[in-house]
Each structure stands twice: as structure tokens, then as C-alpha cells.
Amino acid sequence: MTAPLTEQAGGRVDGQQPAVRLQAVSKTYGQGKASLLALDNVALDVAPGEFVCLLGASGCGKSTLLSLVAGLDAPSAGRIDVDRRRIALMFQEPALFPWLTVSANVEMALRAKGLGKRERRARAAEYLEIVHLGGFGRKRPHELSGGMRQRVSLARALAQDADVLLMDEPFGALDAMTRDLLHDELERIWRERDLAVLFVTHNVREAVRLGDRVVLLSSRPGRVVEDFPVTLPRPRRTDSAEVAEQAGEITQRLRAEVMRHGAAPNRVPQEATPDGP
Amino acid sequence: MAADTHARQIAGLDALELAPARRAGLLTRAWAGTWPVALAVALVLAAWELVVLAGWWPEYVFAGPLTTLTELGHRLGEAEFYQALTVTLRRAVVGFALAIAVGLVVGALVSRIRPLRRAVGSLITGLQTMPSIAWFPLAILLFGLSESAILFVVVLGAAPSVANGLIAGVDYTPPILLRAGHMLGFRRLTLYRHVILPASLPSFLAGLKQGWAFAWRSLMAGELLVIIANRPSLGEQLHFARELADSPGLLATMIVILVIGILVDRLFGLADNALRRRWGLHQVTA
Ligand SMILES: Nc1ncnc2c1ncn2[C@@H]1O[C@H](COP(=O)(O)OP(=O)(O)OP(=O)(O)O)[C@@H](O)[C@H]1O
Ligand SMILES: [Mg+2]
């Protein structure tokens, strides 16, 4: 089910060492009767420079998977290889430091690199510009809207200049227009830096818009049930017919999967109807 | 569509999202802060006058507000009062500063080192519940009737609160911020410095505020008990006012002690408010 993944990688070079490799990874939370198998025997490769989108119903273990890859948590079984790559994780919530200004929050990503104060400030300004928050450096996180905070969090993740970018529903709180724009920016940066991206979303169209592959996780326990290669030429547009068509196929598969597990229908990821103005 | 117009549209959307913050004018706020206090003071004075008028105690035992306030005004014009005030305030500042230093070190160590936490964690809380006056016999044995005896007790009274504030702050650092710090490459000491310490600031400030209250109480107890010749202090004035049955003087000194306590507490309140505003922690205004 998962062996030929790298070959499907949207025309990427294969035979390469994957940037991220999960082998038979399981994660159990808690112990004894109260234990919960969040991930079961997950195998997944992400090649360097590959953009992989992760889809699955709410609670199926997507965030868990990302924090395992990020090394914030240890798997209960199996292996995760990231081959000494630097990893940045954009959390599901913005996770900004409330005592720092927006700019200082982004600068924190540059601090570990040992850059000087001035250099840090200048770089932070560039990243804020990328997420279209150029004029907001001196504000505090609580003064921004939820979507703007997410963008600051994105700027911070990008500023880490990692090889692997893990993103947990990064654009969930954004309006369709801003989201489209950030898709373009993210695609550009991904190309420029040859990043490996693992991108969690509930939005099937978004997954098709961005991914080289869309990986479908089942719920309880989370398993990889299907791996859709997306071979549409880039640049893609979220509202194009081709994207809509492939998203439709994936959505059907996803529905079937959710039904099979008897999950509540309202937990089915939405089939991305652009909700813009 | 050009990305440029797009970007401008986003800027427009963002501007819409951010309603301009409005804060009332200085005068309005000052008035809003003053009138409840003025009212409360007036009520207390009225009640006091009523008790005096009831005549349960003779006037030379329990002076009325007018006599007391006149006496207070009198004292405010005398150099002696300021000498006493200076001595007391200097002790308060030195003692509190020492307590902060001790509390910080102890709090930092206890919050970081697990076995130490188990060993002295509850001891600190125990110390906090110990009435500071119970320390004085020991302090006097150790240091004699000296400045050191007073400072010793002030530090013992205030340091546990400061340490506990810090420990609680460290314990309740939101895990998501720890994880974020970890992802940004901070470990151990750098994580402590850049994430945990700043995150514990509100709790630390609360500890400081409580520590101040303990320090001020301990200091007054100390000054009543440890009277050093030629070193006038507020506590000493209180002591002698009782010896000399100087009721207005006694009450006037008590008012001074109360007012200082309130003022410093207000300072902490202001610091706390400023912090909350910066962090976006302020409550919804009902
Ligand atoms: N620290 C934890 N302790 C116990 N159970 C947990 C913990 N974290 C997650 N879980 C459980 O593991 C399962 C997977 O959670 P996870 O957060 O990975 O889901 P998710 O796919 O990211 O969901 P969503 O799309 O809603 O964000 C859930 O059932 C959750 O209750
Ligand atoms: Mg999640």
C-alpha cells in the first residue's frame, strides 16, 4: 500500500533518501483501559522537495503524526527517520509568545541561529512582508485577528529556514482570498528552497491545489488508507475545474472511509467551497 | 488578477478586522478611579466618628477622626516623622529586595530540580503559613536587637511568596509555548530564559504582590518588638504612642502605615494591569 510512494511523487527524482520516512509507526496515548490508539502502523515517505498533503477526519491523528515527526513526542512503536534534517512545525494554533511583539516572535526563530539583533529584525520584516503583514511588526499577537496570527506563525516557521516544513491546518482561519495568495507564496517558497512539506488540511481542494500527493488517513486508529498522486500541472488554481474534479474523487473516497468507520457525518472534511467575499 | 491588487485587498481586509482601540481620556479615568475611594474613606470616617460619639471609650483612649487627622497634619510638618518614615521605608525596601533575590534563586532552583522540589516544595508553602511574629524570638537570639533581626524576619516572611509565584508560573507555562520554543531550537537554559521565565511573569508578579504584603506585616511586627535606640521608626512610634497613651498619635501612625501599604499595593496593581494589557489578558469589561 505504501511501498511505491516515492515513485508517485509528482515527477520528483526517486531513488533518493527520503526527507522523512515513517515505518510502521504507532502511537498510543494513555495506559491500560483508558489507552487510545491514535496512529496504527503508519508508513509514509516524503521525498526531499516533495509536497505531501495529509487528509483525514477530525481526531484521526494528523496532529499526532506531525508532532512525532517533529520529535516533540516519541512513537510507541515503529521508526521515524528525518536524517538530521532541520524541521519547522507550524502548529494548529498560532502558539505565539504573548509577551513579544509580532516582529520579536518571528525573530525568535532566528535567535537560535545566532544572528545579530539588527539582522534578525531585518529578516523578520522580510518574512512578515511575505505573509502580507509588513506593517504589523510592532503590534502584539493579541491585537491581531485569528487569521493574522496564523500568518505570523507561518512567517515564524518560514524564518526557521528548515529543510522540512510541517504545517498543521495552517490556513484554516483565513478567508478564501488571503488563502489563495498564501498558497501562491507557499508554493513559491517551497520551490525556491526545495522544501519537503507535510501539510495537514481538512480542505480537499486545498490539498489538491498544493500537493504532489494527497495522503488519506482513516480514523481510530489512524492508518494510511490511500495515497493519491496529483499530477495536474502547476501553477494550479483552487477554483479550476481540474482541481475541483480531482477533489471530488478524493472526497468520495474520504466519505466512504468515514462511513465505514461510522464517524459522525459532520466530521467529514469539507469539500472546499471557496467561501470568499 | 495582479498580485499587487490582491495584496492591497488583503491589507484592506486586515484593516477592517482591526477595530481601532479606544481608551477613555485621562481625566475620565482619574475620576473613575478616585470617587469610589473618596466615598469609601468618607464612609469609614463617618463610622469612626459614630463609634466615638457612642462614647464606649473616653476620648483620650480612642480619639476621633478630627483630632487624629489634626495630629497627623501636625506630624507631617515635623522632621522627626520623616526620619522615622525613612528608616522604616529603607528597611522595607532592603528587606523586600533581599526577599526577592532569595525568592528568585530558591524558586528557580526548586522549579528546575526535581528532587529539590520534592524535598522543599511543600516546606516553602509551610513557611508561608507560619506567622512571621513567631520568628522573632529566634531572630533576636541570633542577631540581638538589631537591624539584622528585623530584616531576617522580613525576608523569611516575603521570600516564600516570591518563590511560590515563580514556581507556579513555571509549572503553568502553557505546554504549547514550550513546544513552540522547542521547535525554535531552545533547550534547557535557553528555553528557560526565552520561554519559561517570561511566561511566568504574571504569576511572579502576583507572588511579588503577596510577598510585599507579608514583608510589610513582618516589618511592622519587627519594629514593635525590636526597638533600637536612636533609630526612630513607624513601629517604634506606635509602641511609644501606646506607652504614653497618646491615642491621636497612635491612630495617626496607623493611618500612615495603612496608606503606605495601600499605595505600594496599588503600584503592583498598576504593574499587573500594564502587563495584562500588553499580553491581551484583560477581562471583558462588564
Ligand atoms: N496528549 C494526548 N493525550 C491523550 N490523547 C490524545 C492526546 N493528543 C491527542 N489525543 C487523541 O489522539 C487522537 C488524535 O488526535 P489528533 O490531535 O492527532 O487529531 P487530529 O487528526 O489532528 O484532529 P483535528 O483535525 O481535529 O486537529 C484524538 O482522539 C485525541 O483525543
Ligand atoms: Mg489536529
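The values are calculated or read from the model by the stated rules, or taken from the named source; none is laboratory data. Nothing here was measured: the structure is a model prediction, and the numbers come from that model. Here the Cβ positions follow ideal geometry from the backbone for every residue, glycine too, while neighbour counts run over all protein chains shown. Each accessible area value is taken on the protein alone, full model and side chains, heavy atoms only, with ligands, DNA and RNA left out. Shrake-Rupley method; radii C 1.70, N 1.55, O 1.52, S 1.80 Å.
Brief remarks follow.
- Residue that is nearest to A:Ala70 (Cα to Cα) [pool: residues in the stretch A:169-181 that are within 16 Å of ligand 1 (Cβ to nearest atom) and open to solvent by less than 10 Å² (accessible area, probe 1.4 Å)]: A:Pro170
- Taken across the stretch A:41-60, residues that are farther than 27 Å from A:His202 by Cβ and at pLDDT 90 or above do not occur at all.
- Every condition in (1) away from ligand 2 (no atom under 16 Å from the Cβ); (2) under 28 Å from A:Glu206 (Cα atoms); (3) charged (D, E, K, R) is met by A:Asp83 except one, and the failing one is (2).
- Test for A:Leu110: is it away from chain B (no Cβ under 11 Å) and free of Cβ contacts under 8 Å to residues at least 60 places away in the same chain: no
- Selected residue (only one of A:Ser153, A:Ser145 is under 17 Å from the mean Cα position of the chain (by Cα), at negative phi, of a type in the set (Ser, Thr, Tyr) and within 12 Å of chain B (Cβ to nearest Cβ)): A:Ser153
- Here B:Ala180 passes the criteria (1) aliphatic (A, V, I, L, M); (2) within 12 Å of chain A (Cβ to nearest Cβ); (3) surrounded by fewer than 23 Cβ atoms within 10 Å (Cβ to Cβ) except the one numbered (3).
- Matching residues in the stretch A:144-203 - criterion: being in the same structural domain as A:Leu128 (by TED's automatic domain parsing) and farther than 27 Å from A:Ala122 by Cβ: A:Gly146
- Hits in the stretch A:106-141 - residues which are at pLDDT below 90, within 25 Å of A:Gly172 (Cβ to Cβ) and surrounded by fewer than 16 Cβ atoms within 10 Å (Cβ to Cβ): A:Gly134, A:Gly135
- Screening B:Thr190 against (1) within 14 Å of chain A (Cβ to nearest Cβ); (2) touching a Gly at 6+ places or on another chain (Cβ under 8 Å) leaves a single unmet condition, (2).
- Some residue of the stretch A:23-30 being part of a loop (DSSP other than H, G, I, E, B), modelled with pLDDT of 85 or more and surrounded by 16 or more Cβ atoms within 10 Å (Cβ to Cβ): no
- Residues satisfying the criterion are absent from the stretch A:24-41 (criterion: in contact with a strand residue (DSSP E or B) (Cβ under 8 Å, 6 or more places away or on another chain), closer than 30 Å to A:Glu192 by Cα and either more than 9 Å from ligand 1 (Cβ to nearest atom) or in the same structural domain as A:Gln252 (by TED's automatic domain parsing) (or both)).
Residues checked against (1) touching an Asp or Glu at 6+ places or on another chain (Cβ under 6 Å); (2) part of a helix (DSSP H, G or I); (3) within 14 Å of chain A (Cβ to nearest Cβ); (4) free of Cβ contacts under 8 Å to residues at least 40 places away in the same chain:
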position	(1), (2), (3), (4)
B:Arg217	no, yes, no, no
B:Met220	no, yes, no, yes
B:Ala229	no, no, no, yes
B:Ala241	no, yes, no, yes
B:Ile260	no, yes, no, no
B:Asp265	no, yes, no, no
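- Within the span defined as the stretch A:95-105, every residue fails to be of a type in the set (Ser, Thr, Tyr), at pLDDT below 90 and away from ligand 1 (no atom under 16 Å from the Cβ).
- Screening the stretch A:182-214 for residues that are open to solvent by 10 Å² or more (accessible area, probe 1.4 Å), more than 15 Å from A:Val243 (Cβ to Cβ) and in a helix (DSSP H, G or I) and picking the one that is nearest to ligand 2 (Cβ to nearest atom) gives A:Glu185.
- Any hit, the stretch A:75-89, residues being assigned by TED's automatic domain parsing to the domain that holds A:Ala173, among the charged types (D, E, K, R) and under 30 Å from A:Leu216 (Cβ atoms): no
- Looking only at residues of the stretch A:58-77 that are polar (S, T, N, Q) and more than 6 Å from ligand 1 (Cβ to nearest atom), we find that the one that is least open to solvent (accessible area, probe 1.4 Å) is A:Ser67.
- Verdict on B:Ser132 being within 18 Å of B:Phe96 (Cα to Cα) and either touching a Lys or Arg at 6+ places or on another chain (Cβ under 7 Å) or open to solvent by 50 Å² or more (accessible area, probe 1.4 Å) (or both): yes
- In the stretch A:76-90, of all residues being assigned to a loop (DSSP other than H, G, I, E, B) and out of contact with any Lys or Arg (no Cβ under 7 Å at 6 or more places or on another chain), the one that is farthest from the other protein chains (Cβ to nearest Cβ) corresponds to A:Asp83.
- Neighbours by Cβ (under 7 Å, 6+ apart or cross-chain): first from the stretch A:84-95, farther than 17 Å from A:Leu198 by Cα and hydrophobic (A, V, I, L, M, F, W, C); second away from ligand 2 (no atom under 14 Å from the Cβ) and open to solvent by less than 30 Å² (accessible area, probe 1.4 Å): A:Ala95/A:Ser153; A:Ala95/B:Leu177; A:Ala95/B:Ala180
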